[in-house]
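Bear in mind these aren't lab numbers, they're just calculated from the coordinates by the rules spelled out. Here the structure is a predicted model, which means the values were calculated and not measured. Reconstructed Cβ throughout: ideal geometry from the backbone, glycine too, with neighbour counts over all protein chains shown.
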Amino acid sequence: MTPPRVHITTYGCQMNQLDAELVAEVLRASSAQLVADPKAADVLLFVTCSVREHAENRVFSNIGKLAPRKRREPHLVVGLLGCMAQEHGPAVRRRAPVIDLVCAPGRLAELPALIAEARAGRKREALDPPRGHADFAASDAALDDAEVRRPLCGSSPGSPGRGRGKTGQAYVVAMRGCDNFCSYCVVPLVRGPERCRPPSLILEEVRRLLGQGARRITLLGQAVNKYAAEEGGRRWDLADLLEKVAEMPGLARLSFITSHPKAMTERLAQVFRDVPAVTPYLHLPAQSGSEAVLERMNRGYTAEEYMDRVAMVRALRPDVAVASDFIVGFPGESETDFEATCRLVRRARFSGAFVFKYSPRPGTAAAERLADDVPDAEKRRRNNRLLALVEEITGEENRKFVGRTVRVFVEEISPRPHARKGSDPFFAAANPQSAIRDPQLRGRTPCNRIVVFDGPPQLVGTEVDVAVIDSGPLTLFATRIAPT
Ligand code: 5AD
Ligand code: SF4
């Protein structure tokens, strides 16, 4: 049989983006060919997210559209990978009969065999036993192995990072799984219990990625600040790990996502003050500002404790940008609870926040024990109100950057350039030459704010100083400072 031509589509979080890279690596090692165009593929893989029903519906709708093609090309293989695979198991075929193979996040190393079987007409699934009681050691080892071989995201044709991959940026898994069991969240059910990778493995991988040209490293984990390992006769927490990674030559910026407020220690906050490579950016999801809701969410902190931790970090390094996630319309959330969330948002002055409408996930404590009693129209209203409030504040915070010089790590040519060139006289006046000659580039400040400015494409993957000339709630607009 000819080697399969595989296309990978990725949905969801950074962990999924990394999983997609691992899938690519596992397949490359098995002689499969990765293709960038789904029409040229005979195996279509979907790395999926089940954190909200909306995300799942999108996947079902896109996979459903493949039915006519599957009728025309009966040998086409469709694979469901990632969190939805573990969540739904073989039953997923009742809803989406075009699916041939189903593979859980912990089983990705088995994909070459699953694909070969599917091409021979045998539909199969590779799942972890339910509720995270599996022994993950073997599958983690296989993933570690793929991780050590994986090239930089977006660096080879057909790799899933293509188009989305950010030059010079690499994710490295510090922890897999989650033990927090926030009552709304499906992640502990589909990704299993917390497992910390040994520091030596993480350091080796960072060294290799830096050697391949990465300049920015982001350590990943669902609650990465709970990192705890023992190796070489000593204990390691996330602060130890960050300090060691920061010593590596070639590294420009080091970040970590996501942090859990209940595990935010002073020791970790000190890293922001003491380790220059660590960027002043902290993703610290609050989820709600209401004590009663936080309790029902099983988050393990009060709104006051949350604010104390933000204050602790800012006392040590005032310019840390804190970003958050919120869920609105959680079971029993009253208008008073929602107002408490708005109050927390006003006090914390986030640099950004994602807002989600509560979506009951099968198997979670909230879905099983609490009635989804906030009507959808009300969820939508709160969602819009909270987003407007977040943007009002991020807009005000961003305005403080106007007139300042910031160091931007240039990630890419703007995929959707902001209006300029004539239609924006400010830009044209500030940048008359390059507005015509250069494309718009998009990058990040150390505090992770998005900056756009006009410049030559060869700046992608480098750091440059730019002058901020205007701002919006989500973006800083800048011009290059002429090299002196
Ligand atoms: N409904 C809505 N939002 C959710 N999140 C996680 N589970 C749910 C759910 N059931 C949100 C949380 C989390 C982010 C990744 O997704 O805010 O931080
Ligand atoms: Fe889900 Fe909570 Fe774990 Fe985050 S910390 S992945 S919200 S259970």
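The equivalent ellipsoid that matches the C-alpha gyration tensor of the range 252-320 spans semi-axes of 24, 12, 9 angstrom, in descending order.
Listed by chain and number, the lysines placed with their C-alpha closer than 23 angstrom to that of K123 are K39, K65, K70; residues fewer than eight positions away on the same chain are left out.
Determine the equivalent ellipsoid of the range 4-64 by diagonalising the alpha-carbon gyration tensor, then write out the semi-axes as square roots of 5 times the eigenvalues, largest first, rounded to whole Å. Present the calculation step by step, with values, prior to reporting the outcome.
Details: eigenvalues 96, 42, 10 Å².
One finds semi-axes of 22, 15, 7 Å for the range 4-64.
From helices alone, the chain scores -10500 deg cm²/dmol at 222 nm; the rule is -39500 (n - 2.57) for each run of n ≥ 4 DSSP H residues, then divide by the residue total. By the beta-carbon count within 10 Å of each Cβ, the least crowded to most crowded order of H283, H418, H75, H88, fewest first, is H75, H418, H283, H88.
Net charge near R58: determine it from the other residues with C-beta under 15 Å of the C-beta of R58, scoring Lys and Arg +1 and Asp and Glu -1.
On the way: positive: R52, K65, R95, K357; negative: E53, E56, E87.
Net charge around R58: +1.
Please list, in order, the residues from the range 348-368 whose amide nitrogen is less than 19 Å from a point placed 7 Å along the Cα→Cβ vector of T9. Once the point is set 7 Å along Cα→Cβ of T9, nothing inside the range 348-368 turns out to lie under 19 Å by backbone N. Its residues counted as N, the range 203-337 yields a C-alpha radius of gyration over 2.2 N^0.38 Å of 1.18.
In this label model, A482 and V402 are separated by 2.5 nm, measuring between points 7 Å along each Cα→Cβ vector.
Average the reciprocal distances over every distinct pair of alpha-carbons in the range 191-247, invert the result, and give the Kirkwood radius in Å. The partial results should precede the final answer.
Details: mean 1/r = 0.0824 Å⁻¹.
12.1 Å is the Kirkwood radius here.
Working value for the chain: equivalent-ellipsoid semi-axes of 34, 29, 24 Å, each the square root of 5 times a Cα gyration tensor eigenvalue, largest first.
Of all beta bridges that DSSP places with both ends in the chain, some 35 percent have antiparallel geometry. Only alpha carbons enter this Debye calculation for the range 317-404, each as an equal point scatterer, and the log10 of I(q)/I(0) it gives at q = 0.10, 0.13, 0.20, 0.21 Å⁻¹ is -0.31, -0.49, -0.92, -0.98. Shown for F256, F453: other C-beta atoms within 10 Å of each C-beta, ranked fewest to most, produce the order F256, F453.
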